[in-house]
1. From the list GLY262, GLY244, exactly one residue is farther than 29 Å from SER122 by Cα and without any contact (Cβ under 8 Å) to a residue 60 or more places away in the chain. Which is it?
2. Which residue out of ASP91, ASP98 is touching a strand residue (DSSP E or B) at 6+ places or on another chain (Cβ under 8 Å) and closer than 30 Å to GLU70 by Cβ?
3. Select from segment 495-529 the residues that are modelled with pLDDT of 95 or more and among the aromatic types (Phe, Trp, Tyr) and list them in ascending order.
4. Of the residues GLY65, GLY41, which is free of Cβ contacts under 8 Å to residues at least 24 places away in the same chain, surrounded by fewer than 24 Cβ atoms within 10 Å (Cβ to Cβ) and either closer than 26 Å to ILE288 by Cβ or not polar (S, T, N, Q) (or both)?
5. Scan segment 634-656 for residues that are closer than 23 Å to LEU578 by Cα and not in a loop (DSSP other than H, G, I, E, B) and report the count.
6. If you scan segment 593-633, which residues turn out to be under 43 Å from the mean Cα position of the chain (by Cα), more than 18 Å from PRO645 (Cα to Cα) and part of a strand (DSSP E or B)?
7. Need the failing condition index for CYS83 against (1) in contact with a strand residue (DSSP E or B) (Cβ under 7 Å, 6 or more places away or on another chain); (2) more than 14 Å from ASP31 (Cβ to Cβ), just the number.
8. Taking the options LYS498, LYS471, name whichever one is free of Cβ contacts under 8 Å to residues at least 40 places away in the same chain and farther than 16 Å from LYS389 by Cα.
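The values are calculated or read from the model by the stated rules, or taken from the named source; none is laboratory data. This one's a predicted model, so the numbers in the text were calculated from it and none came from an experiment. So basically every Cβ, Gly included, is an ideal-geometry build from the backbone, and we count neighbours across all protein chains shown.
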Amino acid sequence: MSKGKYYITTAIAYTSGKPHIGNSYEIVLADSIARFKRKDGYDVFFQTGTDEHGQKIELKAQEEGVTPKEFVDRVAGNIKDLCNLMDTSYDHFIRTTDDYHEKQVQKIFKKFYDQGDIYKGSYEGLYCTPCESFWTESQLVDGKCPDCGREVKPAKEEAYFFKMSKYADRLIEHINTHPEFIQPVSRKNEMMNNFLLPGLQDLCVSRTSFKWGIPVDFDDRHVVYVWLDALTNYITGIGYDCNGESTEQYHKLWPADLHLIGKDIIRFHTIYWPIFLMALGEPLPRQIFGHPWLLQGDGKMSKSKGNVLYANDLVDFFGVDAVRYFVLHEMPFENDGTISWELLVERINSDLANTLGNLVNRTISMSNKYFGGIVEEKGCEEEVDRELKAVATGAYGKVAAKMEELRVADALTEIFAVFKRCNKYIDETEPWVLAKEEAQKDRLSTVLYNLVEGILIGTALLEPFMPSTAKKIAAQLHTEVRGFDALGRFGLYPSGNKVTEKPEILFARLDVKEVVEKAEAMFAERKAAEAAGAPREEEAEVIDITPKEEITYDQFDKLQFQVGEIIACEAVPKSKKLLCSKVRIGSQVKQIVSGIKQHYSPEEMVGKKVMVLVNLKPATLAGVISEGMLLCAEDSEGKLALLTPEKDMPAGAEIC
């Protein structure tokens with residue numbers, strides 16, 4: 001039975017470039033909360049996405065010689081790929097260039113104007129382009145932007161302003177009467193003391209100095225300022241309509257149960273956003289959590305230093321679940337966390353390879369060694385067993401309490417307390433000693449059963465944080481990952497079940513020196529490539545093509561792909577585009593005609609190992625029989641490249 005709805009959001013990522021691991025932390029944090037709530041019986045809706053308007057993006061697009069839409073399409077694709085890479089289970093990915101969002105923002109702006117919340121004026125102040133923010137002289141820190149520390153420039157322009165002071169007292173009252181609204185408490189105190197209590201200035205909500213934004217439909221010189229545009233994604237993404245025609249989904253999900261954001265944008269979400277909602281007559285979100293930052297151990301991540309850590313880099317080194325575990329475990333509730341290659345290796349070796357991986361491996365190995373993999377409960381219970389059972393069955397309550405407070409790192413600590421207790425249990429019971437006495441055989445069987453059961457309870461709790469690892473552990477024990485409703489009982493593993501014969505190493509121990517050297521080489525190679533004019537990784541070209549109709553696996557399985565070696569090639573006399581190749585595939589030679597004459601000469605073709613669709617029905621092209629198809633890739637300019645195996649493979653090798 002559902003415990004009710006739970007709507008969770010992240011801040012939407014700004015599409016000015018590829019997010020570093022500190023930004024990716026937020027989506028992983030939100031995902032762990034969403035997964036935990038789903039497993040705990042809630043009807044969860046998890047939204048994330050991208051913020052795609054503003055002067056900074058317009059300037060970056062100009063630098064690259066592309067349109068702003070082309071620029072954000074590419075970067076938004078990269079951001080979504082990173083979300084998918086980190087195994088996040090979002091339900092909706094919103095883009096602020098989505099048509100439905102833009103239309104609602106225009107309606108909201110007009111509503112505010114019509115009801116007197118917005119007025120036209122002019123702004124003169126100091127502007128920070130990266131932060132899209134105006135500042136007064138007194139707000140600067142050492143003459144620079146107080147948010148990012150960059151230079152600000154004088155700016156003056158006509159703009160529309162929102163009357164913040166009109167709603168300030170209502171917001172102050174709400175914060176005072178809803179202590180859970182802003183978390184941690186230090187963030188609440190900062191907002192009250194630094195912004196609300198001294199008095200709110202009216203907020204600039206339109207711009208005329210650039211064009212890349214949502215047009216104000218009744219004044220086309222203006223575009224909606226990025227914060228009014230971006231913040232409304234939390235309601236437009238679930239079907240809000242300003243004219244009273246909001247969807248059933250919106251009425252079900254709003255207000256949000258949790259807005260998860262970085263501490264640097266807490267002001268926008270705890271002051272501007274609630275005031276916008278008040279002006280719309282909509283309920284305020286139940287909680288806004290401003291999480292701390294993940295900082296690099298040797299200083300702030302910087303592209304100029306060439307030391308920026310990206311999620312895909314870390315995944316290449318350590319795997320998805322290891323990275324998820326590290327960023328979740330190492331981030332304190334309120335203070336900034338630290339990441340470095342040395343810390344990553346230390347945590348993976350101690351917690352994942354030793355405490356967890358070695359526990360699972362030893363338990364399965366002993367079950368195979370002593371009982372041929374059969375795990376049976378023989379009922380030979382002793383006091384030490386009851387202690388293990390108490391820790392295992394009591395873990396859910398402790399973990400759930402930590403998650404209710406959003407203390408995710410502490411929740412992981414409680415989960416690993418189960419695995420540590422299992423390891424201690426091995427030391428206490430000494431299975432290798434019990435195995436020496438036939439009379440202790442049933443006791444040994446009970447000990448191994450208890451270990452498997454303890455591991456499975458810990459694994460069920462671990463699943464929201466390390467989903468792939470949890471499934472791997474359960475699969476090795478030939479069972480499924482349990483639901484939370486089963487964690488209060490010990491002894492649900494079927495007695496007589498058999499574990500896998502060859503346990504998989506979940507996490508290998510790493511040599512810190514080797515990892516650091518490999519990382520330094522990666523950074524050096526990246527800097528050298530950029531110095532030589534190669535595009536940065538986040539600037540690499542991607543191409544979106546129109547998707548074709550989905551096919552089933554059975555349909556795909558009918559296609560036969562093999563490696564072929566081109567042994568002869570010549571131009572087709574009656575064609576300007578076609579080459580005719582003799583391709584050896586295993587013991588056969590097929591004749592294949594391809595339209596690649598403008599890209600390859602016959603001489604270049606001979607000797608190439610290529611990928612071939614071999615069971616294509618023969619066809620006649622320009623009077624020549626073709627018995628298959630060579631696979632090629634095509635870029636946006638129509639240039640072709642033959643697909644070849646990464647490693648040398650024999651002619652005839654199956655491509656699968």
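1. On the way: GLY262 fails: without any contact (Cβ under 8 Å) to a residue 60 or more places away in the chain.
Step by step, each of GLY262, GLY244 is checked, and only GLY244 is farther than 29 Å from SER122 by Cα and without any contact (Cβ under 8 Å) to a residue 60 or more places away in the chain.
2. On the way: ASP98 fails: touching a strand residue (DSSP E or B) at 6+ places or on another chain (Cβ under 8 Å).
So the residue among ASP91, ASP98 that is touching a strand residue (DSSP E or B) at 6+ places or on another chain (Cβ under 8 Å) and closer than 30 Å to GLU70 by Cβ is ASP91.
3. Selection gives PHE507 alone.
4. Working: GLY41 fails: free of Cβ contacts under 8 Å to residues at least 24 places away in the same chain.
The match here is GLY65.
5. 4
6. Once the filter is applied, which keeps residues that are under 43 Å from the mean Cα position of the chain (by Cα), more than 18 Å from PRO645 (Cα to Cα) and part of a strand (DSSP E or B), segment 593-633 yields only SER594.
7. All conditions are met except number (2).
8. Details: LYS498 fails: free of Cβ contacts under 8 Å to residues at least 40 places away in the same chain.
Of the residues listed, the single one that is free of Cβ contacts under 8 Å to residues at least 40 places away in the same chain and farther than 16 Å from LYS389 by Cα is LYS471.
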